[in-house]
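The values are calculated or read from the model by the stated rules, or taken from the named source; none is laboratory data. Bear in mind the structure is a predicted one, so any value in this text is a computation, not a measurement. For neighbour counting, all protein chains shown are included, and Cβ atoms are generated from backbone atoms with ideal geometry for every residue, glycine included. Just the protein is used for accessible areas: all its heavy atoms, side chains included, with ligands, DNA and RNA removed. Shrake-Rupley method; radii C 1.70, N 1.55, O 1.52, S 1.80 Å.
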Amino acid sequence: EDVAKFRRTLDKVEAVPQKVVTKAAGKGRTVVRKAIRGQVPVDTGTLKRGVVSTGERSRTKGKKVYQLRFDPALNDVFQRPILKRYYPASREYGFLTRSKGGGLSYVPGYHFMRSGAEQSEAAAKSAMIRTATAELEKEWVK
């Protein structure tokens, strides 16, 4: 139903303004970010606070993409100086460690970013469509 309403609204307006696209992408970003932050393993809470979003700069009009990543300002906290290991990536993907008796063993990661994004995919799409439809209606009335 939301998609059909969005198509009808899009037919009324010739071009989609960039501010409509940005606002809709921002709503989707918020939904996904909340889902990811809800699944972050919490020891001190720094990793949870460290999940931030960055907008991609594109030359294409009518396009907006947000990247959810770990805050580069917290690299001094996340980077382990002795081990040369990036903490958030090791929590997400896992890491290799030395085994007793020699060799390496793999410690699996939590995959909290991937699972949070997958769980919130439908809700994010719905939020983006609803926001874009409402904003396009406002633009069309002008």
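At-a-glance table
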| item | result |
| --- | --- |
| 28 Å Cα-Cα reach of Lys23 towards lysines, excluding residues that sit fewer than 8 places from it in its own chain | Lys5, Lys12, Lys34, Lys48, Lys61, Lys63, Lys64, Lys125, Lys138, Lys142 |
| Folded to 0 to 90 degrees: helix 121-141 orientation relative to the chain principal axis, Cα | 30 |
| Solvent-accessible area, 1.4 Å probe, carbon plus sulfur percent, for region 51-142 | 54 |
| Cα radius of gyration and Dmax for the chain (Å) | 20.1, 73 |
| Accessible area per residue in Å² at 1.4 Å probe, computed on the chain | 69 |
| Most to least accessible of Leu96, Leu47 (protein chains only, probe 1.4 Å) | Leu96, Leu47 |
| Lys23 paired with Asp11, simple spin-label distance in nm, labels 7 Å along Cα-to-beta-carbon | 2.3 |
| Sequence ranges 99-105, 58-64, ranked by mean other-Cβ count within 10 angstrom, highest first | 58-64, 99-105 |
| Segment Lys125-Tyr110, extension gain: residue separation times 0.36 nm, minus the distance between their alpha carbons | 2.9 nm |
| Heavy-atom accessible area order for Thr131, Thr97, largest first, 1.4 Å probe | Thr97, Thr131 |
| Contour excess over end-to-end distance, with Cα ends at Glu139 and Ala4 and 0.36 nm allotted per residue | 46.8 nm |
